[in-house]
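Trainee: Please find one structure pasted underneath; my questions will follow.
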Amino acid sequence: MANPWLALDHGVDPAERIRQVGRAHERFLSGDVAVPQIRSVVAESWRRSAGSLRNPDGNAPIDLGDGELEEYRAAHPLARVLPIFRDLLGGLAEDGDHLIAVCDAYGRLLWVEGMPSMLRGAERMNFVPGARWDEQHAGTNAPGTAIAVDHSLQIFATEHFSRSVQRWTCSAAPIHDPASGRLLGAIDVTGGDHLANPHSLALVRATALAAEAYLGSHLPQPAGAGRVLALGRNEAVLTFGGVRQRLGRRHSELLVLLLAHPEGRTGEELGVDLYGEDVSPVPQRARSARL
């Protein structure tokens, strides 16, 4: 397979693949841990799931009740990028064939959106806000497995560990905090077998990247941080501690040079930067001291 994160190779018959994987799934549940012809990411997920989920016919548990859920997701960082999810994926949720879902880093579903008929189908397997869909509680599934392996991927039909989920196909991508790199959760698109294509995986991956970019562009300034405006100006403007100050031209040049060399510059190096080799150290030391 060219891309191990995609569910189907080009030209593969989805119906035949469902039967093939379904037979392997039943053999696995009967104790045959060798699962040839199954993607390695799925086989490894089945093994993790079997270690904690004894009943392949069970549903994911509800982890957060209504009151807890509202409070929790209102404070969650992914609430800030929910408009991005709706803007980029909302068309899928409105077409009657897909759901979009957002979970946290523990696999707890925070939002599940789509048309009522799709939501009713999802409710039958507890694919609802507040439910726990990590592999430990729901078995192999796209958002839970994407979190487990920290990679965007598809889970196709009978690749799901739980039988109640095997009529669905999903594409999911993890989302990270751009400041710390820690995992925040995942964005998922759930629907029918037609989702097993490169486009749906690329779409959720692009949506995750857009969310990370937005979060990165709205990082809070550290306490006490200063800001310098110098580009396109003869005189830099320094804001520090709530105080805004315009600097003279030489001081502006000195400050920009220091910002360009965070490791520091000696007085002699600054003098050469400003004036070339023909420099008197006395005025330079005075200007540096005043700055």
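Trainee: Could you run the Karplus curve 6.51 cos²θ - 1.76 cosθ + 1.60 with θ = phi - 60° over the stretch 154-166 and give me ³J(HN,Hα) per residue in whole Hz, x for Gly and Pro?
Mentor: So the Karplus estimates, Gly and Pro as x, are 10, 10, 10, 6, 6, 5, 4, 6, 7, 4, 5, 9, 6 Hz.
Trainee: Suppose a student asked you for the relative contact order of the stretch 14-217, using Cα pairs under 8 Å spaced at least 6 residues apart; what percent would you report?
Mentor: 22 percent
Trainee: Quick one: net charge of Tyr72's neighbours, Cβ under 13 Å, K/R +1, D/E -1?
Mentor: Summing Lys/Arg as +1 and Asp/Glu as -1 gives -3.
Trainee: Another question, if that's okay. So how tilted is helix 82-94 from the main axis of the chain? Cα-based, degrees 0 to 90, rounded to 10.
Mentor: Helix 82-94 and the main axis of the chain meet at about 30 degrees.
Trainee: Next question. Compute the signed sum of charges (Lys and Arg +1, Asp and Glu -1) over the other residues within less than 13 Å, Cβ to Cβ, of Arg23.
Mentor: -1
Trainee: Nearest 10 degrees, 0 to 90: what angle lies between the long axis of helix 66-75 and the longest principal axis of the chain (Cα atoms)?
Mentor: Helix 66-75 sits at roughly 30 degrees to that axis.
Trainee: To continue, here is another question. Within the stretch 37-72, name every residue whose backbone N is under 16 Å away from a label modeled 7 Å from Cα of Arg167 along the Cβ vector.
Mentor: Under cut-off, by backbone N: 57-59.
Trainee: Just report the Cα centroid separation between the stretch 53-70 and the stretch 137-157, whole Å.
Mentor: Spelled out, the Cα-based centre of one part sits 16 Å from the other.
Trainee: Only Cα pairs within less than 10 Å get springs; with that Gaussian network setup on the chain, which residue of Gly65, Gly144, Gly191 has the largest fluctuation?
Mentor: The residue with the greatest mean-square fluctuation here is Gly65.
Trainee: Could you tell me how many degrees, from 0 to 90 and to the nearest 10, lie between the Cα long axis of helix 40-52 and the main elongation axis, the longest principal axis, of the Cα atoms of the chain?
Mentor: Approximately 70 degrees, to the nearest ten.
Trainee: OK, next. For Trp111, what residues show an amide H to amide H distance below 5 Å, using hydrogens built from the backbone and excluding near sequence neighbours?
Mentor: Amide H neighbours of Trp111: Val102.
Trainee: Along its three principal axes, how long is the chain when you only count alpha carbons? Whole Å, largest extent first please.
Mentor: 85, 42, 34
Trainee: By count of other Cβ within 10 Å, fewest leading, how are Ile155, Ile100 ordered?
Mentor: Fewest-to-most ranking of Ile155, Ile100: Ile100, Ile155.
Trainee: Just to be sure I follow the definition: excluding the sites themselves, where is the longest run in the chain that has none of the trypsin sites (Lys or Arg not before Pro) in a DSSP loop with at most 11 other Cβ atoms within 10 Å?
Mentor: Within the chain, the longest run free of exposed trypsin sites (Lys or Arg not before Pro) spans 183-291.
Read-outs: derived from the displayed coordinates by stated rules, not from any lab. Just so we're clear, the structure is a prediction, and the values are computed from it rather than from any experiment. Positions of Cβ are backbone-derived with ideal geometry, glycine not excepted, and every protein chain shown enters the neighbour counts.
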